[in-house]
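Accompanying notes for the structure given below.
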Amino acid sequence: MTLTEKPLLKVQNLKVHFYTLRGVVHALERVAFSLNRQETLGLAGETGCGKSVTARSILRLIDPPGRIISGNIAFEGQNLLALDEAAMRNIRGSKISMIMQEPKMSLNPVIRVGEQIAETLIIHDHSLNRKSAKKQAIDMLAQLGIADPTRIVRRYPHELSGGMCQRVMIAMMLVTRPQLLIADEPTSALDVTIQAQILELIQKLIRDIKTSVLMITHDLGVMAETCDRVAIMYAGDMVEMGSVRSVLKDPQHPYTQGLLQTVPDKSNPDQPLFSIKGNVPSLLEPQANCRFAPRCEYVMDRCRHELPPLYKLNGDHQAACFLHDGRGIIENVEIEN
Ligand SMILES: Nc1ncnc2c1ncn2[C@@H]1O[C@H](COP(=O)(O)OP(=O)(O)OP(=O)(O)O)[C@@H](O)[C@H]1O
Ligand code: SF4
Ligand SMILES: [Mg+2]
């Protein structure tokens, strides 16, 4: 990216709450990150830390009892949170697409898969006739390594395996050549051998169509292989960000350090698995301190009373931890909607 080029996506101070019978779940507190053109940014963190809510917020798919409280989501310089629903519908599926974790849930069970891919294309380009849309659907499935795409397009989702459905879903999401692809755990429902194949296909396609990707994954190994930069989330907050090399090789937040230790050592399969002690805290209280403090071996008194800002480290590496106090602070701009 040149110095004058703006990021494709810039999220600032995103705050999302869910109003439940148990109380207000402060699911996202001050999520901020940017994604450059043709870049793959990985989003990682333990279960419940807010990865999917972040993804759904970008597409404005937070349903009641959830609400986006504040923040700014600039896509090509336009704040998505300020658009009306019709403008947002035009962006979903054409400029920004999302591959969900459960493909069968996202496909329509009563429509043949070829029709579903063709429909996506026609919604995106009204001038396209059904015959050429179907041809493009078949071409796309062939690119995804499907041996007999003319037969597969006539099938219903329940007639296909999980891996095949995921390929159909990927075809549907990429056939319109979106500028941004959000892949929320795109392979975790599949078995390991198919996972690797699907990831390879996604990577090839995004290179071909020059798409930027927000890749959500539990698997730091996948992240190391597929991403340019990574962002680590903990309990609704971004705690560390930077190039894949600097964050995964030289983590600067105690949570990231713990998360990396949980990755099994393939060269030593008998070694007992490490887990970070304690649990992710309840999100029913607003964030007023470091949420990692009860689990952190470096905890200091101030960590229990103050919220650590994001400190600037080397290059674009940033970490929200008082161990880096004295470094420059990344400014937080609060934007209410
Ligand atoms: N509909 C909802 N109602 C109440 N709370 C919700 C709802 N959806 C999400 N949350 C809460 O928001 C927080 C973030 O959830 P999210 O699904 O983003 O986690 P995640 O990081 O994607 O986890 P996983 O790795 O398991 O997919 C969680 O505490 C979750 O309980
Ligand atoms: S701010 Fe304190 S508790 Fe939080 S990660 Fe850093 S040292 Fe640990
Ligand atoms: Mg999720």
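Only the coordinates and a few stated rules stand behind these numbers; no lab work does. Given the structure is predicted, the values throughout are model-derived calculations rather than measurements. Quick reminder, even Gly has a Cβ in these numbers, built from the backbone with ideal geometry, and neighbours come from all protein chains shown.
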Protection-proxy order for peptides 256-262, 161-167, each taking the mean of Cβ atoms within 10 Å per residue, highest first: 161-167, 256-262
task: In debye, nearest 20, what is the charge dipole magnitude of the chain about its Cα centre with +1 on Lys and Arg Cβ and -1 on Asp and Glu Cβ, if you could check?
output: 900 debye
query: From the Cα gyration tensor of the range 88-166, with a ≥ b ≥ c the square roots of its eigenvalues, which class applies: rounded if a/c is under 1.5, or else prolate if a/b is larger than b/c, or else oblate?
result: oblate
message: Rounded to two decimal places and with Rh computed the Kirkwood way over Cα pairs, what is Rg over Rh for the range 1-121?
response: 0.99
task: Could you sort out which of Lys6/Lys204; Lys210/Lys277; Lys10/Lys266 sit more than 32 Å apart by Cα distance in this structure?
output: Lys210/Lys277; Lys10/Lys266
Order of Tyr311, Tyr19 under a 10 Å beta carbon neighbour criterion, fewest first: Tyr19, Tyr311
- line: In a Gaussian network model of the chain with springs linking alpha carbons closer than 10 Å, the residue among His26, His324, His158 that fluctuates most is His158
- line: Checked the range 168-224 against the a/c 1.5 cut and the a/b vs b/c comparison, axes a ≥ b ≥ c from its Cα gyration tensor; verdict prolate
- prompt: Considering amide H positions built from the backbone, and no H for Pro or chain starts, which residues 5 or more places from Met233, or on another chain, come under 5 Å of its amide H?
  reply: Ala44, Gly45, Val239
- prompt: Can you give the % of DSSP beta bridges in the chain that are antiparallel, to the nearest 5?
  reply: 60 percent
field: Over the range 106-147, equivalent-ellipsoid semi-axes from the Cα gyration tensor in Å
entry: 17, 14, 8
task: Take every Cα pair under 8 Å in the chain that's 6+ residues apart, average their separations, divide by the length, and report that relative contact order as a whole percent.
output: 22 percent
message: Output needed: Cys residues of the chain lacking any neighbouring Cys C-beta below 4.7 Å, sorted by number.
response: Cys49, Cys165, Cys227, Cys296, Cys321
query: What list of ³J(HN,Hα) values in whole Hz, one per residue of the range 302-307 in order, does the Karplus curve 6.51 cos²θ - 1.76 cosθ + 1.60 (θ = phi - 60°) give from phi, with Gly and Pro shown as x?
result: 5, 4, 7, 10, 10, 8
field: Over the range 123-228 - Rg/Rh using Cα atoms and the Kirkwood inverse-distance radius
entry: 0.97
- prompt: What nm distance separates the two modelled labels at Lys135 and Asp208, each placed 7 Å from Cα along Cα→Cβ?
  reply: 1.7 nm
message: Loop-only trypsin sites (Lys or Arg not before Pro) in the range 7-55, please: DSSP not H, G, I, E or B, and at most 10 other Cβ atoms within 10 Å.
response: Arg22
message: Step by step: find N for the range 45-97, compute 2.2 N^0.38 Å, then divide the Cα radius of gyration by it. What's the final number?
response: 1.17
query: Hey, got the dipole for the range 61-177? About the Cα centre, +1 on K and R Cβ, -1 on D and E Cβ, debye to the nearest 20?
result: 400 debye
field: Point-charge dipole on Cβ atoms (K/R +1, D/E -1) for the range 235-292, about Cα centre, debye to 20
entry: 80 debye
statement: Once normalised by the length of the range 1-159, the mean sequence separation of its alpha carbon contacts under 8 Å that are 6 or more apart gives a contact order in percent of 20 percent
query: Can you give the convex hull volume per residue for the Cα atoms of the chain, as a whole number of Å³?
result: 158 Å³
message: Defining a contact as two alpha carbons under 8 Å apart and six or more residues distant in sequence, what relative contact order in percent does the range 65-147 show?
response: 17 percent
message: Order these by the 10 Å Cβ neighbour count, fewest first: Ser267, Ser188, Ser275, Ser212.
response: Ser267, Ser275, Ser188, Ser212
task: Decide, for the range 269-316, between rounded, prolate and oblate: order the square roots of the alpha carbon gyration tensor eigenvalues as a ≥ b ≥ c, take rounded if a/c falls under 1.5, and otherwise choose prolate if a/b is larger than b/c, else oblate.
output: oblate
query: In angstroms, what radius of gyration and Dmax does the range 214-297 have, counting Cα atoms only?
result: 13.7, 42
message: If each DSSP helix of 4+ residues adds -39,500 (n - 2.57) and the sum is divided by the residues in the chain, what number results at 222 nm, nearest 500 deg cm²/dmol?
response: -8500 deg cm²/dmol
